[in-house]
Amino acid sequence: LKTLVRECTQAAINFYGSYCSIENLHATQNIHGENQKALDLIADEIFTDALLKTKLCACISSEEREEAIISDGQYSVCFDPLDGSSIIEANFATGSIFGVYNAQTPIGLTPSQQVSSFYYIYGPNLVFVVSNGKKTFTAKYSENDFEFYQNAPLENQGVLAPANLQAWFANGIQDRLGAFLAQGLNMRYSGGLVADVHMLISKSGGLFVRPRLSNVKPKLRLVYECGPLAYIIESLGGMSSNMQASILQQKITNLHQTTDFMVGSKDLVETWNSYENR
Ligand code: F6P
């Protein structure tokens with residue numbers, strides 16, 4: 001497992017080094033019909049090559065590819081090579097997210113069965129966060145090295161990341177914004193999931209929640225985005241939810257399945273649930 005994480009981390013360093021060229025931006029479409037930038041494809045290739053090189057993967061599945069790559073190995077790796085591609089032009093932080101299962105396929109499992117999840121953030125610094133489900137460590141890349149520290153459990157404070165704000169108003173739940181702000185939370189939202197969830201960790205707490213209009217399908221992906229991030233947040237004593245149960249308990253039936261998503265400090269997720277149950 002260490003070899004696998006080390007190879008991905010070297011790939012992230014390589015990718016971060018080639019990140020800044022605006023010529024890498026051009027539009028095609030991915031299987032979800034979203035505009036896909038060449039940078040997404042570059043990230044996908046770099047990480048796929050790194051994972052193949054380890055010869056440790058039975059299944060490599062990427063958000064950017066319809067079919068998983070099946071090979072001989074011990075692990076299944078599900079990854080989003082470049083999350084937040086719609087905010088690249090604005091020079092906001094983007095990232096790459098990974099979930100690892102000690103299994104031939106993640107299908108039929110739940111994200112609680114990940115043996116590790118980790119992400120990289122491409123911002124003013126390259127930041128690496130890795131968890132084994134019990135402990136989570138953050139590291140900043142500087143002078144060709146990572147300095148690690150263990151993250152503290154999340155507290156009942158921090159920031160509010162209110163995704164899909166249109167749905168808050170359309171669903172008539174906008175007064176919750178005021179209630180959370182009155183509780184002392186400050187709003188921090190960039191539209192890049194990795195950085196927005198990392199904000200909760202770096203501020204020692206908070207809530208990311210994405211309400212949805214009932215006639216629109218959920219947007220975020222279970223195995224590529226929500227599962228790995230929920231695994232990290234729950235390792236820090238936080239909670240995750242698909243608005244019914246923990247994200248970690250949701251059965252994986254399809255590599256590209258989407259889900260409703262909320263993560264954050266335990267008390268804040270419970271506060272949200274108490275509003276829902278009123
Ligand atoms: O999944 C892609 C993504 O760009 C995430 O990084 C981000 O959290 C989300 O979409 C933003 O979309 P919305 O504003 O619709 O919640």
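Key figures for this structure:
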{"quantity": "Pair list, Cβ < 7 Å and 6+ apart or interchain, from segment 86-112 residues that are over 17 Å from SER18 (Cα atoms) to residues that are basic (Lys, Arg)", "calculated": "THR110/LYS251"}
{"quantity": "Criterion violated by PHE146 - all others in (1) farther than 20 Å from SER274 by Cα; (2) out of contact with any helix residue (DSSP H, G or I) (no Cβ under 8 Å at 6 or more places or on another chain) satisfied", "calculated": "(2)"}
{"quantity": "Residues that are in contact (Cβ under 8 Å) with a residue 40 or more places away in the chain, of a type in the set (Asp, Glu) and assigned to a helix (DSSP H, G or I), drawn from segment 235-278", "calculated": "ASP267"}
{"quantity": "Selection status of PRO162, within 16 Å of the ligand (Cβ to nearest atom), of a type outside the set (Phe, Trp, Tyr) and at pLDDT 95 or above", "calculated": "yes"}
{"quantity": "Tally of residues being more than 13 Å from VAL159 (Cα to Cα) and in contact with a Phe, Trp or Tyr (Cβ under 9 Å, 6 or more places away or on another chain) across segment 262-271", "calculated": "2"}
{"quantity": "Residue check, ALA103 assigned to a strand (DSSP E or B), more than 16 Å from the ligand (Cβ to nearest atom) and surrounded by fewer than 20 Cβ atoms within 10 Å (Cβ to Cβ)", "calculated": "no"}
{"quantity": "HIS256 being surrounded by fewer than 18 Cβ atoms within 10 Å (Cβ to Cβ) and either under 16 Å from GLY99 (Cα atoms) or at pLDDT 95 or above (or both)", "calculated": "yes"}
{"quantity": "Among the candidates SER235, SER241, SER246, residue that is modelled with pLDDT of 95 or more, crowded, with 21+ Cβ neighbours inside 10 Å, more than 14 Å from the ligand (Cβ to nearest atom) and closer than 20 Å to LEU154 by Cβ", "calculated": "SER241"}
{"quantity": "Residue pairs meeting the criteria (Cβ under 6 Å; at least 6 apart or on separate chains; first under 11 Å from LEU160 (Cα atoms), in segment 194-208; second away from the ligand (no atom under 16 Å from the Cβ) and of a type in the set (S, T, N, Q))", "calculated": "GLY205/GLN157; GLY205/SER265"}
{"quantity": "Complete set of residues in segment 57-72 that are surrounded by 19 or more Cβ atoms within 10 Å (Cβ to Cβ), in a loop (DSSP other than H, G, I, E, B) and touching an Asp or Glu at 6+ places or on another chain (Cβ under 9 Å)", "calculated": "GLU63, GLU64"}
{"quantity": "Selection count, segment 154-182, where residues are in a loop (DSSP other than H, G, I, E, B) and within 22 Å of ALA90 (Cα to Cα)", "calculated": "2"}
{"quantity": "Criterion violated by ALA167 - all others in (1) surrounded by 16 or more Cβ atoms within 10 Å (Cβ to Cβ); (2) in contact with a Ser or Thr (Cβ under 7 Å, 6 or more places away or on another chain); (3) hydrophobic (A, V, I, L, M, F, W, C) satisfied", "calculated": "(2)"}
{"quantity": "When residues of segment 183-230 are limited to those that are in a loop (DSSP other than H, G, I, E, B) and on the phi > 0 side of the Ramachandran plot, the one surrounded by the most Cβ atoms within 10 Å (Cβ to Cβ)", "calculated": "GLY205"}
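The values are calculated or read from the model by the stated rules, or taken from the named source; none is laboratory data. None of these values were measured; they are calculated from a predicted model. We place every Cβ from the backbone using ideal geometry, glycine too, and count neighbours over all the protein chains shown.
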